[in-house]
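The block underneath contains the structure these notes are about, expressed in structure tokens.
Each reported figure results from applying straightforward, stated rules to the coordinates on display, with no laboratory input. Predicted model only: the values in this text are computed from it and were never measured. Virtual Cβ from ideal backbone geometry, glycine too; neighbours counted across all protein chains shown.
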Amino acid sequence: MKIKDIAVEGDVYERVLGHDEVEALLAASTVELSDSKEAAARLALRLEVVDDSVVARGTLAGHFDVPCARCLAPARIVAEELALIATFVPAETLARASEEEETELTAEDLDTYVHDGESIDLEPLVREYLVLAIPIAPLCRDDCAGLCSRCGANQNEAPCECSDEPAAESSWVTALKGIKESMS
């Protein structure tokens, strides 16, 4: 978005992102969506020019599916009205600040992005908030049983036929035990 196009009193910027746009944003952060083609996001911002910076305030809402951490089935991520506050500062201002004495990082600095003096790029802001909406271990459901560690069967669909006795040790585990014993 061009900075010169933002009105003096501020502007409202709204955009709906479809599946392909959400997928591209998340792929840039190495987040892969599951095979489900359902993904969308809605961005609503109020943009204001303050001196040579642009302040963005608003909300981001959306949904998308990522692989479940236990069984790899689609796990729905719902981001409901995430509050966004960000400041876009000129790149040269940030460069000048880094050349000066050591400065302490404040909470406001965490939501600071750079602009080239002519336009602001909202993609990093939207990407960051979408990625932060993903839990560390997304689950398709709270009681997900996951995959069998022996045969790989999805235990949510049906119990596998693997026996209850422990699996044979891998050759690398046996080799490590041999090294440990030889060192004793």
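State which residue is nearest to ILE134 (Cα to Cα) when the search covers only segment 1-46 and only residues that are assigned to a helix (DSSP H, G or I) and aliphatic (A, V, I, L, M). Reasoning before the result, please.
Just the residues of segment 1-46 that are assigned to a helix (DSSP H, G or I), to begin with: 3-5, 19-27.
With the extra rule that they be aliphatic (A, V, I, L, M), the set shrinks to 3, 22, 24-27.
Numbers: ILE3: 31, VAL22: 13, ALA24: 16, LEU25: 14, LEU26: 11, ALA27: 14 Å.
That would be LEU26.
Only one of VAL50, VAL78 is over 17 Å from the mean Cα position of the chain (by Cα), among the β-branched types (Val, Ile, Thr) and loosely packed, with under 12 Cβ neighbours inside 10 Å. Can you tell me which?
Values: VAL78 fails: over 17 Å from the mean Cα position of the chain (by Cα).
None of the other options fit; the residue is VAL50.
Report every pair of residues separated by at least 6 positions or lying on different chains whose Cβ atoms are under 9 Å apart, first residue within segment 21-42 and over 17 Å from CYS68 (Cα atoms) and in contact (Cβ under 8 Å) with a residue 40 or more places away in the chain, second surrounded by 14 or more Cβ atoms within 10 Å (Cβ to Cβ) and among the small types (Gly, Ala, Ser).
VAL22/ALA39; VAL22/ALA40; VAL22/ALA41; VAL22/GLY62; LEU25/ALA41; ALA41/ALA61; ALA41/GLY62; ALA41/ALA79
Working carefully through the options ALA24, ALA40, ALA69, ALA56, find the one that is within 18 Å of ASP121 (Cβ to Cβ) and surrounded by fewer than 16 Cβ atoms within 10 Å (Cβ to Cβ).
On the way: ALA40 fails: within 18 Å of ASP121 (Cβ to Cβ); ALA69 fails: within 18 Å of ASP121 (Cβ to Cβ); ALA56 fails: surrounded by fewer than 16 Cβ atoms within 10 Å (Cβ to Cβ).
None of the other options fit; the residue is ALA24.
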